[in-house]
Amino acid sequence: WVPGGPVKKDKKAAGAEGKKQKGSGDSESSDETGSPDGDGGTYVVGEDNKSHGAEGRKTSEEGEPRQLAGDSKRYKPELEPDSAAGMYAPEGTAAPGAGVKGPLAKDGKALSLRFVLPSGPGSESLRAVGRRIARMLERVGIRTEITKVPDTSYFKDHIANGQYDLALYSWPASAYPATDARPIYAKPVPGADGSLTIEQNYTRVGTDQVDQLFDQAISTLDEKESRSLIRKADARIWAAAGSIPLYQRPQLVAARTNLANVGAFGFETPVYEDMGFLKKSEKPAPSHS
């Protein structure tokens, strides 16, 4: 895709140094051209036409960047010897492709993505997020066509069936990403009857390497090794960019004031034997918002 509206086909693809780019936002595409399976298409945000120095560009012996996911000025995890490249840019890094003029186009056809959103009265916040995303994409030359569908058919007829280019939905997180996140990012497998088995991967974007890293993380009993494998899978999931997390929702739990050790636990494991009612003489601990 190149800026400037409908244009004739060029031998060079748009992007830094004429590298081949994948169709942005194509949720139904399973094309792995330029995917990180062979480590040749790994893309680290913030490294286009810039040099960040030794702090922002640590490399391995093979020349792979070792920037970890979340590696910014506010969060600096220790780099492990076998760490995979992360997909987050250092804080303050300008987004690549800034200053795009006009819509992106390819072979004379302007890029336009079908953005499916629910139309029910309880989905206004989701539609507001969708409108903001559409405005942000328009600034970088990506057009969107917002389609509102009934709430009852939103997930069943559109998300699960892949009838969309862009859509908003979420999965609950857990403290066990190796087992709980694997079906969300598993590579779709063709069945004997010609159908596609996607598990929970409604983006239909996956790679063999991500599956292998999840399988290794599930099978190992070494927690440190499991975390390292999950970080590698996370980096390759970001490179494939089938889905992008936007924000974390707060966990809200209502509890009676005379109950102790209950509430929002996040990723902590509840200690059920410490839960119970307070004695009448005891006062509940002050809550913090």
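The values are calculated or read from the model by the stated rules, or taken from the named source; none is laboratory data. The structure displayed is predicted, hence computed values, not measured ones. Please note: Cβ atoms are built from the backbone with ideal geometry, for glycine as well, and neighbour counts cover all protein chains shown. Each accessible area value is taken on the protein alone, full model and side chains, heavy atoms only, with ligands, DNA and RNA left out. Shrake-Rupley method; radii C 1.70, N 1.55, O 1.52, S 1.80 Å.
Can you give me the Rg/Rh ratio for the range 98-169, using Cα atoms for both radii and the Kirkwood formula for Rh? List each step's numbers first, then the result.
Details: Rg = 13.4 Å, Rh = 13.0 Å.
Checking Rg against Rh, the ratio lands at 1.03.
Heavy atoms of the protein chains alone define the surface here; on that basis the range 158-289 has 70 Å² accessible area per residue at 1.4 Å probe size.
How high is the FRET efficiency from VAL262 to LYS109, r the C-beta distance, R0 51 Å, rounded to 0.05?
Details: r = 56 Å, r/R0 = 1.10.
Working from the Cβ atoms, E equals 0.35.
Projecting label points 7 angstrom from Cα along Cα→Cβ for ASP208 and ARG139 puts them 4.1 nm apart.
Considering every pair of different Cα atoms, what Kirkwood radius, in Å, is found for the range 118-244?
Here the Kirkwood hydrodynamic radius works out to 16.6 Å.
Annotation: peptides 114-123, 235-244, ranked by per-residue average of other Cβ atoms within 10 Å with the highest first, follow the order 235-244, 114-123. Please give the solvent-accessible surface of LYS156 in Å², to the nearest 10, using a probe radius of 1.4 Å with every protein chain present. Counting only protein heavy atoms, LYS156 exposes about 130 Å² to solvent. Each residue, SER219 and ARG132, gets one label point 7 Å from its Cα in the Cβ direction; the gap between the two is 4.3 nm.
Estimated at 0.36 nm per residue, the fully extended path between GLN248 and PHE155 surpasses their Cα-Cα distance by 31.4 nm.
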